[in-house]
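Novice: Have a look at the structure that comes next, please.
The values are calculated or read from the model by the stated rules, or taken from the named source; none is laboratory data. Keep in mind the model is a prediction, meaning the values are calculated, not measured. Don't worry about glycine lacking a Cβ; one is built from the backbone with ideal geometry, like all the others, and counts go over all protein chains shown. Areas reflect the complete protein model, heavy atoms only, side chains present, ligands, DNA and RNA absent. Shrake-Rupley method; radii C 1.70, N 1.55, O 1.52, S 1.80 Å.
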Amino acid sequence: MESDELMERLARFGVLRRSYGDAARHLVPLLAPCVLVLVPLGLLATPVLILTVNGQVIVVNQEPELTAVPAGALAAWAAVVLVTWLVLAVLVFPAVVIVAAGRLLGRRVPPVAALRAAARRAPALLALAGVAVLLLSVVVAVAFGVLLVTGPVWMGIAGTVLVLAAMPTLMAVPSVVLEGRSPWAAVVRAYRLSARWMHVTAFTLLIGTVAVPALATWALDRGVDGLTGSALTIVSGTAGFALSLLIVPFQAMLVARQFLYHLAAPRDAGAFGDLAERLPAGPPGPARPVPVLVALLLPGLAFGATVLVNPLGWPEVAETYAQEVLARDPAYFDEGSAHVSTTELRAAFAGPGEGVTVLTDSGFDSASKLLTCSDARCTRLSNRWTGPNEELRQGIRPPAAATRLPDGRLLLVRWEPTVRGRGWRARLLICDGRGCAEAPGGRYVTQVRDPYPRMNLALAARPGGGVVLAQAAEVPSGDLGPSTTETFSLVVCDDVACTRPRTKAVAQVDSRAFVRAPHSLAVAMGPDGRAVAVRLDSLTGALHVISCADPACERVRVRRPVPPILPDLDAAEPGEVNRLFDESREHGDRAGASLVVRADGRPLIAYRSTAGGAVLLLDCRTPDCAAAGSRTLAPAGAEHAAPALVLDRSGRALVAYQDLEGRRLMLATCAGLDCATTPVRNMRHGPGPALAMTLDARGRPAIVWTDAGGSTGAEVVVTVPLNLPWPHQTRSSRAAR
């Protein structure tokens, strides 16, 4: 009588709905085999993975990312974990089917007893897994063949039909573990049982074991899309692993109930009696939902805790994509004000508080702009014009320049057209958090008479007050053809308004690269108030160092620590000269140099060489750079942006540059020419044309760079390393030239 009632209950329609309800009611005992076997594997695999990728991980906004893929070690880890997981799953899934069948037949099968019963049938289960792999291979091969012959539509149809035809083989699992059949006999029995309702059985199994789990995984992915930082790290890790185990009870219960449904339909009481007798026996343990559910979260929590606590000292950075932040701010209804172009990046300065201020300038009609972060993570951004955004009909103008004053304000050069519109003149502005205004009592500090100027300008604040401007400009050649000479000038001012500028022409040198290359001129102040300037010729690669022997720049020395690629352009082969001109026109805006002066007065220069585009560090051994050594940070043969260089509070040199092979932003920490490098950030899209860097209020490097080439366009990115010094660095050997 009891057997008849049981068969009547299991023969009811709605297998999918009823099996999912049964799985939800008995979730804890069904999860127990998974927790006993697969959770320890996850706990073991997590620290092994962490040690495997250690040294190639950075934590960006509290989210871990690989800066490089340790191919061999990671592939070996993935292969071992995957194979182990699949082998254990071959035992765990049948064990859950046994527990599910026991619940449906009114028996409480202990999880350990179910695992032992599945282990005894391990050879048959492994052979059955081999049959499943063979069927899957056949489905893929046939679908691919149909694709080659007919097209994607018929491939999809053929693939769906074949998958549906293969779904009844899932019922071979309970036939092996509950009836003790051989793999082939179990497959034959599965198809015989489902013969009368083949299409219904196939669709039920496909929906319940494939479609619904896939939908749940998709829903989880969509659910974590809005999360960032530590919430994303913890939720995605824990929920992903837990979901992979939570799916198993529902799949196993569906397979078990579908199998019993086909047995119950013809009212075969003998078959039910045999199944009940074959179920493994053992003392039933109490259901403990809390330990089971906690165990599901342990592997993900272990990984999330490792990322948040960071015991291995992985590099941590805070990063902001400027355009993404501005796009969310309703205050920027003016598209021109909100837009930040990667071609405009000029310099970065420590801003108010822990923030950063970035000078951007197109070099064309519009005024310069200041992009300001309110804090290290740039949660709030402002992007404002430095003056009236008027249409200036003269077109190309000299590039803007700026420096930070001791009180935290910015001193900025603004170019204005002359009265007759045949040239340009420069006036100084003082900018703070409220805006920019002309320096009180100031005057025009320099003037260019050419409406299409070929010149560069840089400025630096003097320690005791005032400012020094370095200027490189083309010497007009009259009607004799293109000029081949440029002049270096220094403008010394005793006050920031530059009310009494003193201009000193320093030297004239051979140069034919006056256009573009806005970063090819830099000036810095030594601790004793002496100015040092550097000029890089973007055509010939020559590097000139101009140094003042006294604070008033009464005596000036000019050195050339890096000679030109071709010492005499007029005597060189025409093809070689044409090649240099072509490269200068194509990549001239990427040429540039960054300069600092150390406490002993010796300059340190990072620059992009014209000879192949390598990024180098030049260590001057004397204050005037009469002798110098150099080392290569990034190899030649790539279109690197000019590097950025600052000194930290301990006197170490920090150099930001691009690793184009790995598509990464790099940071080198150098004492002289002895440098340790580490990746700072992966590029989403590709290398942009400019880099800038400054130290924020806490003395951390704030790197402003451009990420270009994606479908959404280029982006200005602000990246702040949070935990220097980093122990996981690649130390490069010292290379002097």
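Novice: Taking only pairs six or more apart or across chains, which ones have beta-carbon atoms under 7 Å, a first residue in the range 36-65 that is over 15 Å from Asn723 (Cβ atoms) and of a type outside the set (S, T, N, Q), and a second residue that is open to solvent by 60 Å² or more (accessible area, probe 1.4 Å) and assigned to a strand (DSSP E or B)?
Specialist: Filtered contacts from the range 36-65: Val53/Leu66.
Novice: Moving on. Across the range 211-235, what is the total count of residues that are open to solvent by 70 Å² or more (accessible area, probe 1.4 Å) and modelled with pLDDT of 85 or more?
Specialist: 2
Novice: Quick one: would you say Gly102 is out of contact with any Gly (no Cβ under 7 Å at 6 or more places or on another chain), under 21 Å from Phe250 (Cβ atoms) and either at pLDDT 85 or above or open to solvent by 30 Å² or more (accessible area, probe 1.4 Å) (or both)?
Specialist: Details: out of contact with any Gly (no Cβ under 7 Å at 6 or more places or on another chain): yes; under 21 Å from Phe250 (Cβ atoms): yes; either at pLDDT 85 or above or open to solvent by 30 Å² or more (accessible area, probe 1.4 Å) (or both): yes.
Taking the combined requirement at face value, the residue satisfies it.
Novice: Moving on. So which residues in the range 7-17 are closer than 15 Å to Leu263 by Cβ and assigned to a helix (DSSP H, G or I), if there are any at all? First the steps, then the outcome.
Specialist: Filtering the range 7-17 down to residues closer than 15 Å to Leu263 by Cβ leaves 7-12, 15.
The answer is Met7, Glu8, Arg9, Leu10, Val15.
Novice: Would you confirm, using the coordinates I've provided, whether Arg25 is touching a residue at least 60 places away in the same chain (Cβ under 8 Å), open to solvent by 40 Å² or more (accessible area, probe 1.4 Å) and among the basic types (Lys, Arg)?
Specialist: On the way: touching a residue at least 60 places away in the same chain (Cβ under 8 Å): no; open to solvent by 40 Å² or more (accessible area, probe 1.4 Å): yes; among the basic types (Lys, Arg): yes.
Answer is no for this residue.
Novice: How many residues are more than 29 Å from Pro406 (Cα to Cα) and out of contact with any helix residue (DSSP H, G or I) (no Cβ under 6 Å at 6 or more places or on another chain) when one looks only at the range 681-712? Write out each step before concluding.
Specialist: Going residue by residue through the range 681-712, those that are more than 29 Å from Pro406 (Cα to Cα) are 681-689, 707-712.
Applying the additional criterion that residues be out of contact with any helix residue (DSSP H, G or I) (no Cβ under 6 Å at 6 or more places or on another chain) yields 681-687, 707, 709-712.
Going through the range 681-712 one residue at a time, the tally reaches 12.
Novice: Follow-up. Test Val96 against the stated conditions and say whether it is open to solvent by less than 70 Å² (accessible area, probe 1.4 Å) and at pLDDT below 85.
Specialist: Working: open to solvent by less than 70 Å² (accessible area, probe 1.4 Å): yes; at pLDDT below 85: no.
No.
Novice: Taking Ala165, is it open to solvent by 30 Å² or more (accessible area, probe 1.4 Å), modelled with pLDDT under 85 and more than 18 Å from Val90 (Cβ to Cβ)?
Specialist: Numbers: open to solvent by 30 Å² or more (accessible area, probe 1.4 Å): yes; modelled with pLDDT under 85: yes; more than 18 Å from Val90 (Cβ to Cβ): yes.
The answer is yes for Ala165.
Novice: Tell me, which residue of the range 628-644 that is more than 17 Å from His544 (Cβ to Cβ) and among the hydrophobic types (A, V, I, L, M, F, W, C) is most open to solvent (accessible area, probe 1.4 Å)?
Specialist: Of all residues in the range 628-644, those more than 17 Å from His544 (Cβ to Cβ) come to 629, 631-641, 643-644.
Still in the list and also among the hydrophobic types (A, V, I, L, M, F, W, C): 633-634, 636, 638, 641, 644.
Values: Leu633: 23, Ala634: 3, Ala636: 62, Ala638: 28, Ala641: 0, Ala644: 6 Å².
The qualifying residue most open to solvent (accessible area, probe 1.4 Å) is Ala636.
Novice: Does Ala571 fit the bill of being assigned to a loop (DSSP other than H, G, I, E, B), modelled with pLDDT under 65 and among the small types (Gly, Ala, Ser)? Even if it seems obvious, please write down each step before you answer.
Specialist: On the way: assigned to a loop (DSSP other than H, G, I, E, B): yes; modelled with pLDDT under 65: yes; among the small types (Gly, Ala, Ser): yes.
Yes: the conditions hold for Ala571.
Novice: Using the structure shown, decide if Val83 is open to solvent by 60 Å² or more (accessible area, probe 1.4 Å), at pLDDT 80 or above and within 31 Å of the chain's Cα centre (by Cα). Break it down into steps so the answer makes sense when it comes.
Specialist: Numbers: open to solvent by 60 Å² or more (accessible area, probe 1.4 Å): yes; at pLDDT 80 or above: yes; within 31 Å of the chain's Cα centre (by Cα): yes.
Yes; evaluated as a whole, the condition is true for this residue.
Novice: Still on this structure, I have one more. Can you tell me how many residues within the range 38-78 are closer than 18 Å to Ala95 by Cα and crowded, with 17+ Cβ neighbours inside 10 Å?
Specialist: Of the range 38-78, the ones closer than 18 Å to Ala95 by Cα are 38-41.
Restricting the remaining residues to those that are crowded, with 17+ Cβ neighbours inside 10 Å gives 38-39.
Residues meeting the conditions: 2.
Novice: If you don't mind, another one. In the range 711-737, how many are modelled with pLDDT under 70 and open to solvent by 20 Å² or more (accessible area, probe 1.4 Å)? Walk me through how you get there before you give the answer.
Specialist: Taking the range 711-737 as the starting set, the residues that turn out to be modelled with pLDDT under 70 are 711-714, 725-737.
Next cut, open to solvent by 20 Å² or more (accessible area, probe 1.4 Å) only: 711-714, 725, 727-737.
Total meeting the criteria: 16.
Novice: Output the residue which, of all residues in the range 340-370 that are in contact with a helix residue (DSSP H, G or I) (Cβ under 6 Å, 6 or more places away or on another chain) and not charged (D, E, K, R), is modelled with the lowest pLDDT.
Specialist: The initial filter retains those residues of the range 340-370 that are in contact with a helix residue (DSSP H, G or I) (Cβ under 6 Å, 6 or more places away or on another chain), namely 340, 360-362.
From the residues that got through so far, the ones that are not charged (D, E, K, R) too are 340, 360, 362.
On the way: Val340: 65, Thr360: 82, Ser362: 68.
Among them, the one singled out is Val340.
Novice: Suppose we keep only residues that are in contact with a helix residue (DSSP H, G or I) (Cβ under 9 Å, 6 or more places away or on another chain) and assigned to a loop (DSSP other than H, G, I, E, B) within the range 285-310. Which one would you say is modelled with the highest pLDDT?
Specialist: Arg288
Novice: Give, as residue ranges, the strands (runs of 3 or more DSSP E) completely inside the range 467-563 that count at least 2 residues that are open to solvent by less than 10 Å² (accessible area, probe 1.4 Å) and modelled with pLDDT of 85 or more.
Specialist: Working: elements: 467-474, 485-493, 502-510, 521-525, 531-536, 543-548, 556-562.
Output list reads 467-474, 485-493, 531-536, 543-548.
Novice: Answer yes or no as to whether Gly651 is at pLDDT 85 or above and either on the phi < 0 side of the Ramachandran plot or open to solvent by 10 Å² or more (accessible area, probe 1.4 Å) (or both). Before the answer, list the steps.
Specialist: On the way: at pLDDT 85 or above: yes; either on the phi < 0 side of the Ramachandran plot or open to solvent by 10 Å² or more (accessible area, probe 1.4 Å) (or both): yes.
Criteria met by Gly651.
Novice: Taking Val177, is it surrounded by 14 or more Cβ atoms within 10 Å (Cβ to Cβ), out of contact with any helix residue (DSSP H, G or I) (no Cβ under 7 Å at 6 or more places or on another chain) and modelled with pLDDT of 80 or more? Give the derivation first.
Specialist: Details: surrounded by 14 or more Cβ atoms within 10 Å (Cβ to Cβ): yes; out of contact with any helix residue (DSSP H, G or I) (no Cβ under 7 Å at 6 or more places or on another chain): no; modelled with pLDDT of 80 or more: yes.
Criteria not met by Val177.
Novice: Please enumerate the residues belonging to the range 607-627 that are over 17 Å from Glu639 (Cβ atoms) and either in contact with a helix residue (DSSP H, G or I) (Cβ under 7 Å, 6 or more places away or on another chain) or open to solvent by less than 20 Å² (accessible area, probe 1.4 Å) (or both). Outline the logic, then answer.
Specialist: We begin by selecting, within the range 607-627, every residue over 17 Å from Glu639 (Cβ atoms); these are 617-627.
Leu617, Leu618, Asp619, Cys620, Asp624, Cys625 - these are the residues of the range 607-627 that are over 17 Å from Glu639 (Cβ atoms) and either in contact with a helix residue (DSSP H, G or I) (Cβ under 7 Å, 6 or more places away or on another chain) or open to solvent by less than 20 Å² (accessible area, probe 1.4 Å) (or both).
Novice: Let me ask something else about it. Within the range 427-449, take every residue that is of a type outside the set (A, V, I, L, M) and part of a loop (DSSP other than H, G, I, E, B) and give me the one that is modelled with the lowest pLDDT. Step through it out loud before you land on a result.
Specialist: Taking the range 427-449 as the starting set, the residues that turn out to be of a type outside the set (A, V, I, L, M) are 427, 431-436, 438, 440-444, 446-447, 449.
In the following step, the residues that additionally are part of a loop (DSSP other than H, G, I, E, B) were identified as 433-434, 440-444, 449.
On the way: Gly433: 72, Arg434: 76, Pro440: 81, Gly441: 74, Gly442: 68, Arg443: 76, Tyr444: 81, Arg449: 73.
It comes out as Gly442.
Novice: Moving on. Quick one: His262 ticks every box in (1) within 22 Å of Asp22 (Cα to Cα); (2) at pLDDT below 80 except a single one, so which number is it?
Specialist: Going through the list (1) within 22 Å of Asp22 (Cα to Cα); (2) at pLDDT below 80, His262 breaks only (2).
Novice: Quick check on the range 184-202: of everything there that is within 49 Å of the chain's Cα centre (by Cα) and open to solvent by 70 Å² or more (accessible area, probe 1.4 Å), which residue is farthest from Leu260 (Cα to Cα)?
Specialist: First pass over the range 184-202, keeping only residues within 49 Å of the chain's Cα centre (by Cα): 187, 199-202.
Checking which are open to solvent by 70 Å² or more (accessible area, probe 1.4 Å) leaves us with 199-200.
Details: His199: 17, Val200: 15 Å.
Applying the filter and picking the extreme gives His199.
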